[in-house]
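Below: one structure, written as structure tokens.
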Amino acid sequence: MLTLYKFGPVWGVPDASPFCMKLETYLRMTGIPFEVKKGMQNMKLSPKGKMPFIEHEGKRIGDSELIIGYLKKTFGDSLDGALSPEQKAIARLIQRTLDEHCYFAAVHSRWIDEANWPVVRETFFRPVPALLRGLVSGQIRKKVGKMLYLQGAGRHESAELYAMAIEDLQAVLSLLGDQPYLFGDAPSSADACLHAYLANFLIREMRSPMADFLAQDPRVAAYVARIDGSYYGNAA
Ligand SMILES: N[C@@H](CCC(=O)N[C@@H](CS)C(=O)NCC(=O)O)C(=O)O
């Protein structure tokens, strides 16, 4: 049995990490049987020191993209196999745009933006004794801020970063158009990815211009509900 290691559900989504959520949705879409082990305590087992990772037939594999590549080789490519070369190229660009650009705006909005930080601190650091919570959460927040600065996203004003993320989302949504899924009537791994970002940006407890932008497009809620309903068993 394949084991998926992830953080775990919070704020009404299966995972606050879009990478964990993308991978879980991919597994659900393909029907590959898996079990879940959740919690930060498993991070020490992760080959890349990040979540998600999987364990399968004695191997541990990290990185959602490398894992999906492994799953395609091992179990076949039921989701993306029939896409045309052009669709495959678009799928890759969507994944890169979301995972390697939009993601950092999401991180900034949670960990740096004062609009969300108190909620993030009280949710993620609840297990830390109250007396130490400020110190421990402050240290991790500083580490995240440094990561964002080194990556580059942290050098922008919040408004600049959010405007770029909205442009990313706008671009991907224009590819979706009025279709049920990015490439028509059947979901692909790019849908697993897009769904993870849309659902995460729409978390009610997290406020951001990305959330405001997405909330005014009825296609977004319908798309998220479609995938939730089909693969997580939630009524739309
Ligand atoms: N490229 C990786 C990114 C994974 C990633 O950045 N995971 C974050 C959570 S969203 C993480 O584990 N952060 C903890 C850390 O860096 O210590 C993937 O696709 O899986």
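The values are calculated or read from the model by the stated rules, or taken from the named source; none is laboratory data. Computed from a prediction, not measured in an experiment: that's the story for all the values here. Please note: Cβ atoms are built from the backbone with ideal geometry, for glycine as well, and neighbour counts cover all protein chains shown. These area figures cover heavy atoms from the full protein model, side chains too; ligands, DNA and RNA do not enter into them. Shrake-Rupley method; radii C 1.70, N 1.55, O 1.52, S 1.80 Å.
Here are the numbers for the structure shown:
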read-out: Fraction of antiparallel bridges per DSSP, the chain only, in percent to nearest 5; value: 65 percent
read-out: Surface accessible to a 1.4 Å probe, per residue, for the residues of the chain, Å²; value: 50 Å²
read-out: Per-bin percent of Cα-Cα distances, region 1-78 [5 Å]; value: 3, 16, 30, 29, 15, 6, 1
read-out: Residues Val10 and Leu135, FRET efficiency given R0 of 25 Å [Cβ-Cβ distance, rounded to 0.05]; value: 0.65
read-out: Accessible heavy-atom area order of Ile67, Ile90, highest first, probe of 1.4 Å; value: Ile90, Ile67
read-out: Pairwise label distance in nanometres, Glu122 with Lys59, each label 7 Å out on the Cα-Cβ vector; value: 4.5 nm
read-out: Binned Cα-Cα distances of the chain, short to long, each 10 Å bin given as a whole percent; value: 7, 32, 37, 21, 3, 0
read-out: Accessible-area ranking of Leu66, Leu23, Leu83, largest first, probe 1.4 Å; value: Leu66, Leu83, Leu23
read-out: Among beta bridges that DSSP assigns inside region 1-78, antiparallel share in %, nearest 5; value: 60 percent
read-out: Proximal lysines relative to Lys38, as straight alpha-carbon distance under 21 Å, when same-chain residues fewer than 8 apart are discounted; value: Lys6, Lys22, Lys48, Lys50, Lys59
read-out: Quotient of Cα Rg and 2.2 N^0.38 Å for region 74-113, N being how many residues it contains; value: 1.63
read-out: Heavy-atom accessible area order for Arg133, Arg28, Arg126, largest first, 1.4 Å probe; value: Arg126, Arg28, Arg133
read-out: Filter on Lys73/Lys146; Lys44/Lys73; Lys44/Lys88; Lys72/Lys143; Lys44/Lys146 - keep pairs with C-alpha separation over 31 Å; value: Lys73/Lys146; Lys44/Lys88; Lys72/Lys143
read-out: Portion, in percent, of the accessible area of region 83-236 that falls on carbon or sulfur, probe 1.4 Å; value: 57 percent
read-out: Surface share of carbon and sulfur [accessible, 1.4 angstrom probe, percent] for region 1-78; value: 53 percent
read-out: Estimated distance in nm for a label pair at Ser84 and Ala163, the labels positioned 7 Å out from Cα along Cα-to-Cβ; value: 3.6 nm
